[in-house]
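Heads up: the structure comes next, in structure tokens.
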Amino acid sequence: MIVIPMTRGHLAGHFTKAQQLAFFNAQGQLQQLIDNPALGGNCADKSAMLNHIKQQGAQVVIVNQIGERMLGKLLDAGISVCRPKERNSSLEQLLLAAKDTSLRLLDTSSAKPSLHHQAKGGCGEPCGCHGSGGCHHHNMTQSVLLQSKQYVSEAHFSGFRPQK
């Protein structure tokens, strides 16, 4: 399943601020279009968005911009995140980009800092931030990915998870 956050029929500028989430199968057929549960902007709304994406069996999420915390949570869930070269790509080009492993974001360093989360002093999640100047839960994601680098050359459509 490929997820594209959309606003006015195009790839949204920011993942959690998209008006809708479009779910496509591997053949590029629209399976579901929902209003984005994260539009409320709080931690619970963003968690609802993430949970729905996981429940639908998403393998790839296409983004223009994404915050480091959400990117880390997607990567920790085994969901690949793709940033296409052109934001204003057609739907067909976006679906093709989802298959291009060179466009995958591999760690949170390529995401936007979660400044709003830091300013609030954290949300109390077990990510270790607790108002200590930033959220550091993504360090685990980076180390797991570095340990798994051997699988990058064997990447398949569903992402960078090792085959069992």
**Asked** Does the range 90-108 contain any residue that is surrounded by fewer than 17 Cβ atoms within 10 Å (Cβ to Cβ), touching a helix residue (DSSP H, G or I) at 6+ places or on another chain (Cβ under 7 Å) and among the acidic types (Asp, Glu)?
**Response** no
**Request:** Scan the range 75-105 residue by residue and report those that are over 16 Å from ALA18 (Cα atoms) and assigned to a helix (DSSP H, G or I).
**Result:** LEU75, ASP76, GLU92, GLN93, LEU95, LEU96, ALA97, THR101, SER102, LEU103
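Quick check on the range 6-29: of everything there that is in a strand (DSSP E or B) and touching a strand residue (DSSP E or B) at 6+ places or on another chain (Cβ under 6 Å), which residue is surrounded by the fewest Cβ atoms within 10 Å (Cβ to Cβ)?
First, the residues of the range 6-29 that are in a strand (DSSP E or B): 6-7, 10-11, 14, 20-24.
If we keep only those that are touching a strand residue (DSSP E or B) at 6+ places or on another chain (Cβ under 6 Å) as well, we get 6, 14, 20-24.
On the way: MET6: 19, HIS14: 15, GLN20: 17, LEU21: 24, ALA22: 20, PHE23: 19, PHE24: 22.
Among residues in the range 6-29 that are in a strand (DSSP E or B) and touching a strand residue (DSSP E or B) at 6+ places or on another chain (Cβ under 6 Å), the one surrounded by the fewest Cβ atoms within 10 Å (Cβ to Cβ) is HIS14.
Residues that are hydroxyl-bearing (Ser, Thr, Tyr) and within 12 Å of the chain's Cα centre (by Cα): does the range 81-93 have at least one?
The answer is no, given that none of the residues of the range 81-93 is hydroxyl-bearing (Ser, Thr, Tyr) and within 12 Å of the chain's Cα centre (by Cα).
Just name the residue that is nearest to THR101 (Cα to Cα) out of those in the range 66-78 that are touching a residue at least 60 places away in the same chain (Cβ under 8 Å) and in contact with a helix residue (DSSP H, G or I) (Cβ under 7 Å, 6 or more places away or on another chain). Write out each step before concluding.
As a first pass, look at the range 66-78 and keep what is touching a residue at least 60 places away in the same chain (Cβ under 8 Å): 68-69, 71-72, 75-76, 78.
Going one step further and asking which of them are in contact with a helix residue (DSSP H, G or I) (Cβ under 7 Å, 6 or more places away or on another chain), we end up with 68-69, 71-72, 75-76.
On the way: GLU68: 20, ARG69: 22, LEU71: 16, GLY72: 18, LEU75: 14, ASP76: 17 Å.
Here the residue is LEU75.
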**Complete:** Taking the range 37-79 and keeping only residues that are under 19 Å from PRO113 (Cα atoms), touching a strand residue (DSSP E or B) at 6+ places or on another chain (Cβ under 6 Å) and not aliphatic (A, V, I, L, M), one is left with ASN64, GLN65, GLY67
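Can you tell me which residue within the range 66-89, out of those that are of a type in the set (Asp, Glu) and out of contact with any His (no Cβ under 7 Å at 6 or more places or on another chain), is farthest from LEU50 (Cα to Cα)? So that I can check it myself, show each step before the final result.
Residues of the range 66-89 of a type in the set (Asp, Glu): 68, 76, 86.
When the remaining residues are screened for being out of contact with any His (no Cβ under 7 Å at 6 or more places or on another chain), the result is 76, 86.
Numbers: ASP76: 11, GLU86: 24 Å.
The extreme case among them is GLU86.
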**Message:** Can you tell me how many residues within the range 15-65 are within 21 Å of ARG83 (Cβ to Cβ), out of contact with any Leu (no Cβ under 8 Å at 6 or more places or on another chain) and touching a residue at least 60 places away in the same chain (Cβ under 8 Å)?
**Reply:** 3
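Consider ASN25 carefully, then state whether it is of a type in the set (S, T, N, Q) and either touching a helix residue (DSSP H, G or I) at 6+ places or on another chain (Cβ under 6 Å) or within 15 Å of ALA98 (Cα to Cα) (or both).
Working: of a type in the set (S, T, N, Q): yes; either touching a helix residue (DSSP H, G or I) at 6+ places or on another chain (Cβ under 6 Å) or within 15 Å of ALA98 (Cα to Cα) (or both): yes.
Judged against the criteria, ASN25 is a match.
Read-outs throughout are calculated quantities, based only on the coordinates presented, and are distinct from any laboratory measurement. Quick caveat: nothing in here was measured; it's all calculated off a predicted structure. Ideal geometry is used to build each Cβ from the backbone, glycine not excepted, and the neighbour counts take in all protein chains shown.
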